[in-house]
Amino acid sequence: MQRERVALLCMGHFANDSYVGFLAPLLPLLMAKIGFSLTLAGLLTSIQAVFTSILQPLFGLIADKIRRPHFAAYGPLVTALFLGSIGLWSRYEAIVVILILAGLGTASFHPQAAMLAGHASGNRRGFGMSLFVTAGTAGHSLGPMSILPIVVTLGLEFSFVTILYGIVASALLVRNLPLLSQAPFHHADAQESPHVPHRRFALGILWMIVMFRALIIAGFLTFVPIFLHRQQYGLLLSGSANTIFELSGAAGAITGGILSDRLGRKKVIVASFIAAMPFLWLFLHTAGKLSLALLGLGGFILYTSIPVSIIMAQELYPKRASTVSSLMIGLAWGMGGLLVTPMGAIAEKIGVAQALSLLVFLGVAAVVATFFLPAVTRGGEKTTQLKLGVNKK
């Protein structure tokens, strides 16, 4: 495992995703400055989701055809320049353009950076990818803490101060990542199974599972504070639920990567859904500190499979690691996030608690899908063999 390179990529992921976390906490200030409705505020969130996530496969395809890690090196700089300047603009249309351009920086960074993190991790790919994923989760969670003190103290227009650490992060990546190009992205020794239809079926199942998980996580992050507030929890306590869920999940992601290196990818993914759903269901049917503890446990277990699914996709298609990484990190998560909108409509019809219960039962469907995943033999960078549970010849 090339620790320095993995650490460098984690630093870039932390920096990039911290800027992505700026929008939500700044929305009230932007609404007061520019004057736009809640509907238009929601549209900004959707625009960010589309351009940061759903466009990633396009950059993944390009990244698999080039030998220089330009996307991984310059992506955080693009994200920083535009989202860091968000407070300087006084028109809604300008904010839309800012989000689109920053989204392109984020969408270009993730596929190639995830591929490089997996490659640099060697035979400890699960552990290396867990560090990479956790860095991004931490950056997104702590992004508000870096921007809010500045804009509250100095004013919204001083958001540009935050651009500095994006510049530093990108400079370090530009200086050091070219060394990674010595290892061709189309690795000559990386062998893919000749059963292409089987690999495609396996990748499709894996993508569907990741989308289910993304919808569950996005749904809980969106509706749990509302659910707790309606359960007569205080604003501080109900608002802290997401922090508990995400920070527990960050710890779970590291644990899942380590376990997958020892036990296998499929076992960790199957276990994460089977074990997480009961805790999330119990969270909905308990109260007080016990309820929050159950939410944290559910998040810890559910997040264990996030880095594992990325590595499994890369091991299915080692010659197209950037492309399949973009499907797992970008497209699946983007689609899951967009499906939260119809979940909101469902919650209005049947209630927030019932809508969250539906998400738990969606996890049961994901459990069924996990049994169709292949068992990928871990052979480092030189072998990737499949043992499929269906359609064996």
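Tell me, please, whether a residue that is touching a residue at least 40 places away in the same chain (Cβ under 8 Å), surrounded by fewer than 18 Cβ atoms within 10 Å (Cβ to Cβ) and either part of a helix (DSSP H, G or I) or more than 21 Å from the chain's Cα centre (by Cα) (or both) can be found in the stretch 217-229.
Scanning the stretch 217-229, I find at least one residue that is touching a residue at least 40 places away in the same chain (Cβ under 8 Å), surrounded by fewer than 18 Cβ atoms within 10 Å (Cβ to Cβ) and either part of a helix (DSSP H, G or I) or more than 21 Å from the chain's Cα centre (by Cα) (or both), so the answer is yes.
If you take the residues of the stretch 276-288 that are assigned to a helix (DSSP H, G or I) and more than 21 Å from the chain's Cα centre (by Cα), which of them is nearest to ALA366 (Cα to Cα)? Walk me through how you get there before you give the answer.
Filtering the stretch 276-288 for residues assigned to a helix (DSSP H, G or I) gives 276-284, 288.
Subsequent filtering for residues that are more than 21 Å from the chain's Cα centre (by Cα) retains 278-279, 281-284, 288.
Values: PRO278: 14, PHE279: 16, TRP281: 15, LEU282: 18, PHE283: 19, LEU284: 19, GLY288: 29 Å.
Only one residue fits best here, namely PRO278.
Determine whether the stretch 289-298 contains at least one residue that is surrounded by fewer than 17 Cβ atoms within 10 Å (Cβ to Cβ) and either closer than 21 Å to GLY257 by Cα or modelled with pLDDT of 90 or more (or both). Step through it out loud before you land on a result.
Keep residues of the stretch 289-298 that are surrounded by fewer than 17 Cβ atoms within 10 Å (Cβ to Cβ), which gives 289-290, 293.
Narrowing the set further to residues that are either closer than 21 Å to GLY257 by Cα or modelled with pLDDT of 90 or more (or both) leaves 290, 293.
Within the stretch 289-298 (the criterion being surrounded by fewer than 17 Cβ atoms within 10 Å (Cβ to Cβ) and either closer than 21 Å to GLY257 by Cα or modelled with pLDDT of 90 or more (or both)), the answer is yes, since at least one residue qualifies.
Just checking, which of ARG5, ARG68 is buried (at least 19 other Cβ atoms within 10 Å of the Cβ) and among the basic types (Lys, Arg)?
Details: ARG68 fails: buried (at least 19 other Cβ atoms within 10 Å of the Cβ).
Matching residue, one of ARG5, ARG68: ARG5.
Of the residues ALA120, ALA135, ALA107, ALA73, which single one is within 24 Å of ARG3 (Cβ to Cβ), within 16 Å of the chain's Cα centre (by Cα) and among the hydrophobic types (A, V, I, L, M, F, W, C)?
Details: ALA120 fails: within 16 Å of the chain's Cα centre (by Cα); ALA107 fails: within 24 Å of ARG3 (Cβ to Cβ); ALA73 fails: within 16 Å of the chain's Cα centre (by Cα).
Among ALA120, ALA135, ALA107, ALA73, only ALA135 is within 24 Å of ARG3 (Cβ to Cβ), within 16 Å of the chain's Cα centre (by Cα) and among the hydrophobic types (A, V, I, L, M, F, W, C).
Could you please tell me which pairs satisfy a Cβ distance under 9 Å, a separation of 6+ or placement on different chains, a first residue in the stretch 119-131 that is within 21 Å of GLY249 (Cα to Cα), and a second residue that is of a type in the set (A, V, I, L, M, F, W, C) and not in a helix (DSSP H, G or I)?
Taking only residues 6 or more apart or on different chains, the pairs are ARG124/MET1; ARG125/MET1; PHE127/MET1; GLY128/MET1.
The values are calculated or read from the model by the stated rules, or taken from the named source; none is laboratory data. These numbers were taken from a predicted model, which means no experiment stands behind them. Reconstructed Cβ throughout: ideal geometry from the backbone, glycine too, with neighbour counts over all protein chains shown.
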